[in-house]
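S.K.: Provided herewith is a single structure, encoded as structure tokens, for subsequent inquiry.
The values are calculated or read from the model by the stated rules, or taken from the named source; none is laboratory data. Note that the coordinates shown come from a computational prediction; the quantities given were computed from them, not determined experimentally. Reconstructed Cβ throughout: ideal geometry from the backbone, glycine too, with neighbour counts over all protein chains shown. These area figures cover heavy atoms from the full protein model, side chains too; ligands, DNA and RNA do not enter into them. Shrake-Rupley method; radii C 1.70, N 1.55, O 1.52, S 1.80 Å.
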Amino acid sequence: MPKDIATRTFKQVGTRPLRPDGIEKVTGRARFGADFSMPGMLTGRILRSPHAHARILKIDTSAAEALPGVKAVVTARDFPETDDGLHDIRMNVMAREKALYDGHAVAAVAAVSPAVAKEALKLIRVDYEVLPHVTDVDEAMKPSAPVLHQHIFTANESPAAKRPSNVAGKYEFGHGDPEAGFRKADHVIARSFKVEAAHQGYIEPHACVANVTADGQGDLWCCTQGHFMVRAISAGLNGMDLSKLRVTASEIGGGFGGKTTVYIEPVAVALSRKAGKPVKIVMTRDEVFRATGPTHSASIDVKIGATKDGRITGAFAELRYQGGAFPGSLADMGAMAAFACYDLENVRTIGWDVVTNRPKLAAYRAPSAPAICFAVESVIDELARTIGMDPIDFRLKNAAREGTLSSYGPTYQAIGLEATLRALKAHPHYKAPLKPGQGRGVACGFWFNFGGQTCVSLNIGLDGTVALSVGTPDIGGSRASMSLMVAEELGIPYEKVRCIIADTASLGYNDVTDGSRVTFSTGLATIQAARNAIKVMCARAAATWGIPEDAVEWVDGHARPTGPNAGNFEPLSLADIAAQSHQTGGPIAGHCEVTAEGAGVSFGAHLADVEVDRETGAVKVLRYTVAQDAGKAVHPAYVEGQYQGGAVQGIGWALNEEYIYGHDGRLQNAGFLDYRIPVCSDLPMIDTLILEIPNPGHPYGVRGVGETPIVPPMATIGNAIAAATGVRMTHAPMSPPRILKALTENQAGT
Amino acid sequence: MALHVKTNVNGDAAEFLCEPDETLLDALRDRLGLTGTKEGCGTGDCGACSVILDGRLVCSCLVLAAEAEGRSVRTIEGMAKGDELTTLQRKFLEHAALQCGVCTPGFLVAAEELLRRNDNPTEEQVRYWLAGNLCRCTGYDKIVRAVLDAAKDMREHAHA
């Protein structure tokens, strides 16, 4: 670890200035995906399959094409198959031989008005041969299940799979011998769990405007977590050169992982090219639910053994995740995350990646982790109760720490799990009295965090202000954090910095905003770019003074001689150097292009009090506290915001949110009325405790904080319900009907 | 057949042509260029399109554009006076009560109407009044604090 991280005092990092994009957003002037328009723009709309699984025999678009006002129609034929590694996304963007889920796109139109576009969709005739479907993960794994793809043979299975199936892959992790561990245990608990799929639920539907000419040049404006990714896929699917398509990221109205892929963008590009006019596509909420997101649904077995003094001797988990119609359910990541919180001698996990007739999974905040955390932390809780040990003490006794060999391979550096657990235990919430019918639960959670490819450019203005261009869309206040890091490094006021999200033509490649990576990796690149600019400014000062470059240092926004021996010169401020730059060598800028490593894993622990209504099965969250390690909180208000927002998304999933499919394989609740996310009156304030155990991989010690907060809530709430009722819930969400059923069965059984 | 609608938006006369089945939300956004009002669902479930129609808080996606004839509409664009933000807008910024910001116009419109009716709401009253506005980023904590703090500030200012 660089020595200065733990002891460094910051002047601006750690303060709470107003966000630079704030006024635009409180006055309605910020432009989100659907807010951009162009002269002569057409409306694009997409026709979607009403069937969960159907062969497409024929698509007749002639009547739609003949409708006055229709300017272009596209189908899968407009996205020719090539060997470019984009097979699955191409099939998802526009169905080819088969429609694979209710909501799968089959054709699209561009017309002069929304009304004409809507009318045109009705005139497209699709002949389907309806096929048997499967939407449940356990059903999909059975040999008798309808098989979605003839080319999927289970990967990593021994002996090698001979027949195609819905099981795309098997993934195993761990070390030691869990069976031997269970033999040493005084108590072994094994339970099976189910977790239903949730949607990211961003309030802004996907939207884009494409303006592409027949020669394959153009612009695309869209709400996305990664415009470089949008460019790669949209250009790829339309046979365009990367550099000819410029993608600009609009303000983004929530993503949470759900906007790390594309749906409508390549379609708008194809329509615009064909129509010779700009085309705008905005999804309806119904389309968002039926065709985008959601998460996996999961079926999980967990078995854990411990001695009577509270030491875990063996742990095993088997995860069956379905991720919709294409491989990639992230069961492998779930299997890696399963026991990441614990220091274990004997641990093994198996993940099964399964396809079903549901929309293709998109990442959702710590994707894969909340479901397995629910299962593992529920069994941990039950073990602590069985042994008669405080649930935090039990976790502390087995907690991963610096030097622990994690269950998925790496050995941990400095981590904050113990600190968060201790902070919760010391918090007044943990000792607050509870009334009858109320219960308290605790759980801890983990996420890997990510670094990735990052490129930033920092330009010193002639007036001494600084413009920073980054390529990672700002989904939660990152422009404020970047500006703070620039101000800190250069020693200038925060207000002198402006951070923008540059388009794909103006900056080198950037990975998408995901994996809690932006404050870490874009921050790391920003600090490096600022340091590179400082080098230039010190060189300019040295030349001005006629002394060697290494005799100049940068302190508090000024170049100054390193000491009396270097010479006696008045310090030059950033503004002084900038003003004279035209005479000292021209423009001053700092750049950084990096693949950021060392993201630093993240741990958090949550505490909840609930009250269960035994007549309705409704659960009220009375009090909630989040403790999490941030490494270093650059803008603490937005760190708290991540903790609170993630926790509430987790509470929603724990209590209400789920994809409900009918026997016909169609989604039954594709709207916010029936897919109910938490509202203001459902919740208490969410208390936060920010711990700061510096990440050795970042110059300021920063860790990503965005994802971990959604991991523990489902387990935390489940454990609180168990404490309140004596009933262990094993199927999430723990909605009123499920709670009532469990309470009734428990009563019948006793 | 297009309808000709004459209305008042944020204190100014406004007129537009619209289809009979067009929503007020679409007319505001697509006919008048007032894109501060957002569409999150189109079914009245998310509150992102909240506006005040003749003193009543409504989802503009559930109102026909033609219903605005002869009435007055207040949207997010009508809040700040020039470069001067309202207390609520200021408190939303100070409390970091927004992350992505797409629900923010709806929350501000709804919260302003609450404080017009009740200058001293309890936390519970704030939470129930705002229960028709969905926010997916913040968990509502900072929004509720911002509204309570704005109410306090406005009361003190009114009595000063």
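S.K.: May I ask what percent, to the nearest 5, of DSSP beta bridges between residues of the protein assembly as shown are antiparallel? Mind dumping the intermediate values first?
M.R.: Working: 110 of 143 bridges.
About 75 percent, rounded to the nearest 5.
S.K.: Carbon and sulfur atoms: what percent of the 1.4 Å accessible area of region B:3-77 do they account for? It would help to have the intermediate numbers written out before the result.
M.R.: On the way: 1450 of 3150 Å².
Carbon plus sulfur share of accessible area: 46 percent.
S.K.: Okay, next question. Tell me which aspartates and glutamates have Cα within less than 16 Å of residue A:259's Cα, excluding those fewer than 8 residues away on the same chain?
M.R.: Correct list for residue A:259: A:204, A:251, A:287, A:474, A:511, A:514, A:707.
S.K.: Near the amide H of residue A:346, under 5 Å away, which other amide H atoms are found, from residues 5 or more places off or on another chain, if H is placed in the peptide plane?
M.R.: The answer is A:315.
S.K.: Averaged across the residues of B:102-115, what count of C-beta atoms belonging to other chains lies within 10 Å of each residue's C-beta? Could the numbers behind the result be given before it?
M.R.: Details: counts 15, 5, 8, 6, 2, 2, 4, 1, 0, 0, 0, 0, 0, 0.
Mean shielding by partner chains, rounded to a whole number: 3.
S.K.: What is the sum of charges around residue A:605, taking Lys and Arg as +1, Asp and Glu as -1, for the other residues whose C-beta is under 12 Å from the C-beta of residue A:605?
M.R.: Details: positive: A:395, A:422, A:425; negative: A:377, A:418, A:629.
Net of charged neighbours comes to 0.
S.K.: On to the next question. What does the buried accessible surface come to for A and B, summed over both chains, with the probe at 1.4 Å? Round to 100 Å².
M.R.: Details: alone 28220 and 8700 Å², together 33100 Å².
Result for this pair: about 3800 Å² buried.
S.K.: Would you mind pulling out the separation of the Cα centroids of region B:1-64 and region A:479-494, in Å?
M.R.: 40 Å
S.K.: Once phi is turned into ³J(HN,Hα) by the Karplus curve 6.51 cos²θ - 1.76 cosθ + 1.60 with θ = phi - 60°, what whole-Hz value does each residue of region A:112-117 show in order, with x for glycine and proline?
M.R.: 6, 8, x, 5, 5, 4
S.K.: Given R₀ = 56 Å, FRET efficiency for residue B:8-residue A:509 by Cβ-Cβ distance, to 0.05?
M.R.: Here the calculated transfer efficiency is 0.70.
S.K.: Right, here's the next one. How large is Rg/Rh for region B:3-77, to two decimals, with Cα atoms and a Kirkwood Rh?
M.R.: Over the Cα atoms of region B:3-77, Rg/Rh equals 0.91.
S.K.: Using alpha-carbon pairs under 8 Å, 6+ residues apart, how would you state the relative contact order of chain A in percent? Numbers along the way, then the final one.
M.R.: Values: 1981 pairs, mean separation 115.2, N = 750.
About 15 percent, as a whole number.
S.K.: Let me ask something else. So which lysines can residue A:308 reach, going by Cα to Cα under 18 Å and dropping same-chain residues fewer than 8 places off?
M.R.: Partners within reach: A:184, A:397.
S.K.: Sticking with this structure for a sec: Could you calculate the FRET efficiency of residue A:187 with residue A:411 from 1/(1 + (r/R0)^6), where r is the beta carbon distance between them and R0 is 22 Å, rounded to 0.05? Spell out each step's value before the answer.
M.R.: Working: r = 29 Å, r/R0 = 1.30.
For residue A:187 and residue A:411, the calculated efficiency is 0.15.
S.K.: Turning to a different aspect of this structure: Set the bar at 27 Å for Cα to Cα. Now go through A:118/B:38; A:620/B:142; A:194/A:435; A:280/B:142 and name every pair that lies beyond it.
M.R.: With Cα atoms farther than 27 Å apart: A:194/A:435; A:280/B:142.
S.K.: I've got another one for you. How many percent of Cα pairs in the protein assembly as shown exceed 43 Å?
M.R.: 34 percent
S.K.: Okay, moving on. Net charge near residue A:690, counting Lys/Arg +1 and Asp/Glu -1 over other residues with Cβ under 9 Å of its Cβ? Could the numbers behind the result be given before it?
M.R.: Working: positive: none; negative: A:629, A:640, A:692.
That sum, taken over residues with Cβ under 9 Å, equals -3.
S.K.: Please list 3J(HN,Hα) in residue order for region A:725-730, calculated via the Karplus relation 6.51 cos²θ - 1.76 cosθ + 1.60 where θ = phi - 60°; whole Hz, with x for glycine and proline.
M.R.: The phi angles translate into 10, x, 10, 8, 7, 10 Hz.
S.K.: Then there is this: Excluding residue A:326 itself, calculate the net charge of residues whose Cβ lies under 14 Å from the Cβ of residue A:326, where each Lys or Arg counts +1 and each Asp or Glu counts -1. Walk me through the intermediate numbers first.
M.R.: Working: positive: A:90, A:96, A:98, A:358, A:360; negative: A:88, A:353.
So the environment of residue A:326 carries a net charge of +3.
S.K.: Could you check the simple spin-label distance between residue A:673 and residue A:83, using points 7 Å along Cα→Cβ, in nm with one decimal?
M.R.: Those two pseudo-labels are separated by 5.2 nm.
S.K.: Additional query: So for region B:71-127, what are the equivalent ellipsoid semi-axes in whole Å, largest first, each being the square root of 5 times an eigenvalue of the Cα gyration tensor? Numbers along the way, then the final one.
M.R.: Details: eigenvalues 62, 52, 27 Å².
Whole-Å semi-axes of the equivalent ellipsoid: 18, 16, 12.
S.K.: Could you state the number of Å between the C-alpha centres of region A:247-281 and region A:696-725?
M.R.: 33 Å
S.K.: Spit out the partnerless Cys residues in chain A, using Cβ distances under 4.7 Å as the pairing rule.
M.R.: Taking the Cβ cut-off of 4.7 Å, the unpaired cysteines of chain A are A:223, A:341, A:373, A:444, A:455, A:499, A:538, A:592, A:680.
S.K.: At a Förster distance of 45 Å, what's the computed FRET efficiency of residue A:555 paired with residue A:430, Cβ-Cβ distance as r, to 0.05? Before the final figure, lay out each step's value.
M.R.: Details: r = 45 Å, r/R0 = 1.00.
For R0 = 45 Å, the calculated efficiency reads 0.50.
S.K.: Could you tell me what a quarter of the Cα convex hull surface of region B:87-159 works out to, in nm² with one decimal place? Mind showing how you got there, number by number?
M.R.: On the way: hull surface 16.8 nm².
Mean orientational projected area (region B:87-159, Cα hull): 4.2 nm².
S.K.: Which value, in Å², gives the accessible area per residue of the protein assembly as shown when a 1.4 Å probe is used on the protein heavy atoms? Mind showing how you got there, number by number?
M.R.: Details: 33100 Å² over 910 residues.
Here the per-residue accessible area is 36 Å².
S.K.: Further question on the same structure: Give a residue-ordered list of calculated ³J(HN,Hα) values for region A:51-59 (Karplus: 6.51 cos²θ - 1.76 cosθ + 1.60, θ = phi - 60°; whole Hz; x for Gly, Pro).
M.R.: For region A:51-59, the Karplus curve yields 10, 6, 7, 7, 7, 8, 7, 7, 10 Hz.
S.K.: With each label point set 7 Å from Cα along the Cα-Cβ vector, what nm distance links residue A:584 and residue B:118?
M.R.: The modelled label-to-label distance comes out at 6.0 nm.
S.K.: Taking a cut-off of 12 Å between Cα atoms, list the aspartates and glutamates near residue A:496, but don't count ones fewer than 8 places away on the same chain.
M.R.: A:463, A:488
S.K.: While we're looking at this one, here's another question. Mind ranking A:389, A:229 by accessible surface for me, highest first, 1.4 Å probe? Working shown, then result.
M.R.: Details: A:389 45, A:229 25 Å².
From most accessible down to least: A:389, A:229.
S.K.: Relative contact order, percent, of chain B when contacts are C-alpha pairs under 8 Å separated by at least 6 residues? Working shown, then result.
M.R.: Details: 280 pairs, mean separation 36.4, N = 160.
In percent, rounded to a whole number, it is 23.
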